[in-house]
Amino acid sequence: MKSHTTQSHDHIDPNSKEIPLDWFKPLEGSSDSSNTVVRPSLSYWKDAWIRLRSNYIAMGGLIFLILLGIMAIIGPYLTPYSVSETSLANQNQPPSSTYWFGTDNLGRDVFTRTWYGARISLFVGIMAALIDFTVGVIYGGVSGYKGGRTDNLMMRIVEILYGLPYLLVVILLLVVLGPSLSTIILALTVTGWVGMARIVRGQVLQIKNYEFVHASKSFGAKTSRIIRKNLLPNTMGPIIVQMTLTVPTAIFAEAFLSFLGLGVQFPFASWGVMANDALTTILSGHWWRLFFPAFFISATMFAFNVLGDGLQDALDPKLRR
Amino acid sequence: MIRYILKRFFMMILTIWIIATLTFVLMNAIPGSPFNEERTSNEAVQENLERHFNLDEPPIVQYFIYLKSIATLDFGPSIKKPNDTVNDLLARGFPISAELGIIAILVALVSGIILGVLAALRHNGIIDYLAMMIAVLGISIPNFVLATLLIQQLAVNAGFFPVATWQSPMHMILPTLALATGPMAIIARLTRSSMLEVLTQDYIKMARAKGLAPYKVVIKHALKNALMPVVTIMGTLLAGILTGTFVIEKIFAIPGMGKYFVESINQRDYPVIMGTTVFYSAFLVFALFLVDIAYGLLDPRIKLHKEEGN
């Protein structure tokens, strides 16, 4: 490079006002390679996925949950026993080759019941998260997008609901409605969506003032389009994290309600109901009846929590290295 | 500040009123009303109910009488226990529950903060990973699982502790541990993350540069500020501890308020459910109110009256 410039200097007539054209020749070897895109461009989601993939603990949680989901579907069919089939001859059998997780005090197969319980517990958790998502996103979205007086009024209502003690309201509702699968989900979501609404509203308030939203508006986009195309995709990160953390909360709440006798009722059996039924085994030594449901509640909550933490890190562009 | 306190106070009264009204409406919505004669076991009970709820009056009058009784902290009779009122049960059970709850919350605070600070000071070290592993496990393992595990291992198998009830300090260790672990884990995580943030601030560098002893920097300068987020979640933690006592008292057969509450749910003793719910809610809402005010007093950077709407 140096030789090139000194060379051209020799030809210059110091009195000329013209700049010689060969000064403007591109440098040797400096083609446009610096401007070509070598790697494929990464979307937000691809980028998040790559970061999540390198987080082994979170991936462990995800894999556990996928396996759990598969077992919840096929698990009950792997044994010849049904969920509620009792057998007086086989009460409290320890785990063996015939009863893989043992049997309970009515001779029911714990292995079958564990996966059946997984269905119920996961169903309660996922439904609660989905309902919270739907109500929370609509409520928070409208509140944040409208702003002003509407926002003020809607947030006052949220503030009051937020102040109500969550589990006490749930208990009260279930005492009145009577516990069943649908009333439990209903009770868990009556005030459960408030957290989601607050998160969505905060995000929308922030994002609606960004330039790309103004640009979209000035191109004449309708409100519905702005919400669908501009606001929602950009709030999805925190929403997904919140949903991941709602599922274990709901699973725990259902188990907690089972302990108060307000869990899902016969013939259904959730992990919480199984654990509560097995409480008496502390003294009798039939540990398997308590161990399996308790283990799967804890492991599932653990998996959802670490996955939620991992997603939180992966979906936050500010934490990008 | 005064305006803020007044506003919070008004919100608190409003919340308690909503809970009380909700309770009243829900209980009256039960098919065949819990106060019907078929539901009650004997005449003394029916008389108690009549006297307290004035069942011969129209519902709206009943409602105002009910509100008045709550305002005067009279929570009504029990259906299943003819000789007891909700107030009797509260007087008997609440001190025990309060004892359990206060010990648990102190244990959770102290151990959670220590764990969080250690983790932050040894960021990405072995202590950090260990502490956070304990924290995630503490959040994931439900308190009833932990409680049964503790009873089975330390009381039944090893025989170190008594299995149940609430008599000597030895009886208190297992229930307290079972109740405190969850909140401890939450406090530890929160303390760690806010400590990590505070430790990068300029005034910490300044304090270090002045040559202050490391423990003084940590305790006087860093921890004081790092604990603010912990104060904000005290209300939530308290609610968790309170509902936790229902399960823990049931498992350990502790004769506290939580046990009576669970009993009343199982026996569908509606006046007790009503009274206890309102009492618990009022207690929690009041605690939240105190936490909010404490937060305002502790952190001079926050101008409380500007906080609204956020």
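The values are calculated or read from the model by the stated rules, or taken from the named source; none is laboratory data. Because the structure is predicted, anything quoted here is derived from the model rather than measured. Positions of Cβ are backbone-derived with ideal geometry, glycine not excepted, and every protein chain shown enters the neighbour counts.
Quick look at the values:
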| quantity | calculated |
| --- | --- |
| Within the stretch A:152-166, tally of residues that are modelled with pLDDT of 85 or more and within 8 Å of chain B (Cβ to nearest Cβ) | 2 |
| Identity of the residue in the stretch B:123-133, aliphatic (A, V, I, L, M) and in contact with a helix residue (DSSP H, G or I) (Cβ under 7 Å, 6 or more places away or on another chain), that ends up surrounded by the fewest Cβ atoms within 10 Å (Cβ to Cβ) | B:127 |
| Residue in the stretch B:240-259 that is over 13 Å from the mean Cα position of the chain (by Cα), among the basic types (Lys, Arg) and within 14 Å of another protein chain (Cβ to nearest Cβ) present | yes |
| Of all residues in the stretch B:166-193 being among the hydroxyl-bearing types (Ser, Thr, Tyr) and more than 14 Å from every other protein chain (Cβ to nearest Cβ), the one that is nearest to the chain's Cα centre (by Cα) | B:176 |
| Single match in A:232, A:260 (criterion: of a type in the set (A, V, I, L, M, F, W, C), more than 10 Å from chain B (Cβ to nearest Cβ) and touching a residue at least 40 places away in the same chain (Cβ under 8 Å)) | A:232 |
| So residue A:103, is it over 12 Å from residue A:288 (Cβ atoms) and touching a residue at least 12 places away in the same chain (Cβ under 8 Å) | no |
| Given (1) out of contact with any Ser or Thr (no Cβ under 8 Å at 6 or more places or on another chain); (2) modelled with pLDDT of 80 or more; (3) in a helix (DSSP H, G or I); (4) more than 22 Å from residue A:71 (Cα to Cα), number of the condition residue A:291 does not satisfy | (4) |
| Some residue of the stretch B:288-308 being at pLDDT 85 or above, within 22 Å of residue B:86 (Cα to Cα) and more than 9 Å from chain A (Cβ to nearest Cβ) | no |
| Condition met for residue B:226 (of a type outside the set (Phe, Trp, Tyr), crowded, with 17+ Cβ neighbours inside 10 Å and touching an Asp or Glu at 6+ places or on another chain (Cβ under 8 Å)) | yes |
| From the options A:195, A:147, residue that is at pLDDT 85 or above and over 18 Å from residue A:273 (Cα atoms) | A:195 |
| Candidates B:242, B:196, B:237, B:288 - the one that is touching a residue at least 24 places away in the same chain (Cβ under 8 Å), crowded, with 16+ Cβ neighbours inside 10 Å and farther than 29 Å from residue B:23 by Cα | B:196 |
| Residues located in the stretch B:111-142, provided they are among the β-branched types (Val, Ile, Thr), assigned to a helix (DSSP H, G or I) and out of contact with any Pro (no Cβ under 9 Å at 6 or more places or on another chain) | B:113, B:114, B:117, B:126, B:127, B:134, B:136 |
| Lone unmet requirement of (1) away from chain B (no Cβ under 11 Å); (2) of a type in the set (A, V, I, L, M); (3) in contact (Cβ under 8 Å) with a residue 24 or more places away in the chain for residue A:138 | (3) |
| Failed item, numbered, when residue A:269 is tested on (1) under 19 Å from residue A:123 (Cα atoms); (2) assigned to a helix (DSSP H, G or I) | (2) |
| Scan of the stretch B:7-26 for residues that are more than 9 Å from every other protein chain (Cβ to nearest Cβ), more than 20 Å from residue B:296 (Cα to Cα) and aliphatic (A, V, I, L, M), ordered by number | B:16, B:20, B:25 |
| Among the residues listed as B:212, B:190, B:223, the single one being at pLDDT 80 or above and not in a helix (DSSP H, G or I) | B:212 |
| Filter result for residue A:269 (buried (at least 20 other Cβ atoms within 10 Å of the Cβ), over 19 Å from residue A:130 (Cα atoms), of a type in the set (Gly, Ala, Ser) and touching a residue at least 24 places away in the same chain (Cβ under 8 Å)) | yes |
| Qualifying residue in the stretch A:106-118 (condition: closer than 28 Å to residue B:235 by Cβ and in a loop (DSSP other than H, G, I, E, B)) | no |
| So residue B:113, is it within 19 Å of the chain's Cα centre (by Cα), over 30 Å from residue A:279 (Cβ atoms) and buried (at least 21 other Cβ atoms within 10 Å of the Cβ) | yes |
| Count of residues meeting criterion [in a helix (DSSP H, G or I) and closer than 30 Å to residue A:305 by Cα] in the stretch A:56-99 | 23 |
| Scan of the stretch B:102-143 for residues that are within 14 Å of another protein chain (Cβ to nearest Cβ), in contact (Cβ under 8 Å) with a residue 40 or more places away in the chain and among the small types (Gly, Ala, Ser), ordered by number | B:135, B:138 |
| Long-range neighbours under 6 Å by Cβ, at least six apart or interchain, first residue under 18 Å from residue A:299 (Cβ atoms) within the stretch A:62-88, second of a type in the set (Lys, Arg) and crowded, with 17+ Cβ neighbours inside 10 Å | A:72/A:119 |
| Selection status of residue B:146, surrounded by 17 or more Cβ atoms within 10 Å (Cβ to Cβ), more than 10 Å from chain A (Cβ to nearest Cβ) and within 26 Å of residue A:253 (Cβ to Cβ) | no |
| Within the stretch A:168-186, considering residues that are in a helix (DSSP H, G or I) and away from chain B (no Cβ under 11 Å), the one surrounded by the fewest Cβ atoms within 10 Å (Cβ to Cβ) | A:182 |
